[in-house]
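For reference, the structure is listed below as C-alpha cells.
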Amino acid sequence: MIQVIIVEDEDFAVARLRMLLEETDDKVEIIAVLNNTKQTVQWLSNNRADLIFLDINLSDGNAFKIFEQVDVRTPIIFTTAYHEYALRAFEQFSIDYLLKPISREKLKNSIEKYKLLRQKKENENGPELQQLIDLMRAEKSPKRFMVTVGNKVKIINAPEVAFFSFDSKITFIHTIEGKRYPVDTSLKQLQLSLPHQDFFRVNRQYLISRQAVQELQYYSATRIKVYLSPEPQEDVFVARDKIGVFKRWLAE
C-alpha cells in the first residue's frame, strides 16, 4: 500500500483528488486529510506517510511555512492553481507539480514517478527512501563558493564553511578560520540547496554547519543558545518553533 496524506483546504478539491486516486490506483490509502499549515506541522511532527499531496495556498497561509517548522523529507506532489510556485516547489525535492484542475492522466504519471523512486528503495542493497532524497539534495548542492576580495575571486569549499549569517540585508559566509565574506545568495536559497545533514537554519539570521556547533545552553524549555566556532558577533538562539527539529538534527 501507498499511504498518503492530502493537505488541501477546499472540500471540492479534496473530494476530486480522493476520487481520482481511487480510480487511478487501488493501492493508495489516504490516511489523513489536513486543511492548514498548523495541522500539517503537528501531524508531520508525530506521524509519517509515504507520499504527500500538498496544496500551496492554504487557509492559514503559504504551505512553504511548513518547511520552516518541520523537517519534511517525504516525497511531495504539489497541487496548485498557480504556475509561479513551480521552481520553489522543486527546491523542496517534490517529485511532481500538478496544476488544478488535476487530470487523471497526469495524476497517474505522478504516482508512477513515486513508484519508481520507491522501487529503488526496495532493490536489494538499495538505500532507504530518505537516503535517496538526501542524495538528490547532495547532487545539486554547491560544493564551493566564490567570493570577491578586492579585485580577486576567492574559492571557499563547502567543508570550510562554519555558518552563514544575514545582516543589514547582506548574506555573509563565515569560514572555520574566522573569515567573513559577503555572498550573493539568500539564506533561504542556501538552506534549500545545502545538504540537510550538514546545515540547519536555526533562525532568520543564521544557517549553521553541524561542525561549527560546540555547545548548547538551555535557558528554558523554549530558549536554547548555540555556541559556535568561530564565535559570531552576536548570540545565536534557536527559534522557538524549531527547537524540536534542531534537537533531532543534532542527534542524527
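Read-outs throughout are calculated quantities, based only on the coordinates presented, and are distinct from any laboratory measurement. What you are looking at is a predicted structure, and each value in this text was computed from that prediction instead of being measured. We place every Cβ from the backbone using ideal geometry, glycine too, and count neighbours over all the protein chains shown.
Shown is the FRET efficiency for Arg48 and Ala251, computed with R0 = 22 Å from the Cβ-Cβ distance and rounded to the nearest 0.05: 0.80. Could you tell me the calculated FRET efficiency between Lys108 and Gln217, based on Cβ-Cβ distance and R0 = 45 angstrom, to the nearest 0.05? For R0 = 45 Å, the calculated efficiency reads 0.30. Between Gln197 and Leu116, the modelled labels are 2.5 nm apart [label points 7 Å from Cα along Cα→Cβ]. Across the range 141-251, counting alpha-carbon atoms alone, Rg and Dmax equal 13.8, 48 Å. The distance from the alpha carbon centre of the range 163-181 to that of the range 1-57 is 40 Å, rounded to a whole number.
Contact order for the range 145-218, expressed relative to its length and based on alpha carbon pairs under 8 Å spaced 6+ residues apart, stands at 25 percent.
Take every pair of alpha-carbon atoms less than 8 Å apart whose residues are at least six positions apart; their mean separation over the length of the range 168-252 yields a relative contact order of 21 percent. Considering only Leu44, Phe67, Thr80, the residue lying farthest towards the positive end of the dipole of the chain is Phe67, judged by Cα position with unit charges set on Cβ. DSSP beta bridges confined to the chain are antiparallel in about 65 percent of cases.
Calculate, for Gln3 and Asn62, the FRET efficiency according to 1/(1 + (r/R0)^6) with r their C-beta to C-beta distance and R0 30 Å; round to the nearest 0.05. List each step's numbers first, then the result.
Details: r = 25 Å, r/R0 = 0.85.
Step by step, r from the Cβ atoms, then E = 0.75.
Grab the eigenvalues of the alpha-carbon gyration tensor for the chain, scale each by 5, take roots, and send me the semi-axes largest first in whole angstrom.
Numbers: eigenvalues 258, 78, 62 Å².
In descending order, the three semi-axes are 36, 20, 18 Å.
Length gained on full extension, Ala158 to Lys225: 21.7 nm, using 0.36 nm per residue less the C-alpha separation.
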